[in-house]
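In what follows, a structure is listed as structure tokens, so that the remarks can point back to it.
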């Protein structure tokens, strides 16, 4: 039986580079979050909202959508870059002069926790608070709203 030296060497090298580094985990998590921006559309909604507030409602659905699409594409590209380079330094966020390190939401919306039995201790009573789909505005169903 022949020993597969090259695949074992690759697995060992990846393990040495990626195991036990908190910064690697942060960079990979940030990259995955940025990669899923295209489905979340937070930058798009925020750009439309901010354009409507500062430049007027006439430009919200034209200029705001173009700005939002640009930022969504940039954030997705940065996510791909951070996923590919997560084992290697530098671990700090990149391209922060154009996008923020953390994903953005419109100022009029802030998501909460997903409503499920794992995160809601009052499900034994037959109801729970939380959000059904927190990434989408208007999906709030909260019983215990303060």
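All of the numbers you see were taken from the coordinates with simple rules; none came from a lab. Model, not experiment: these values are computed from the prediction. Note that we place each Cβ from the backbone using ideal geometry, even for glycine, and neighbour counts take in every protein chain shown.
Fewest-first ordering of 44, 73 by other beta carbons within 10 Å of each residue's beta carbon gives 73, 44. Here the relative contact order of region 17-105, from alpha carbon pairs under 8 Å that lie six or more residues apart, stands at 44 percent. Its convex hull of Cα atoms gives region 17-105 a direction-averaged projected area, equal to a quarter of the hull surface, of 5.6 nm².
Inter-label distance, residue 52 to residue 8: 6.2 nm, where each label sits 7 Å from its Cα along the C-beta direction.
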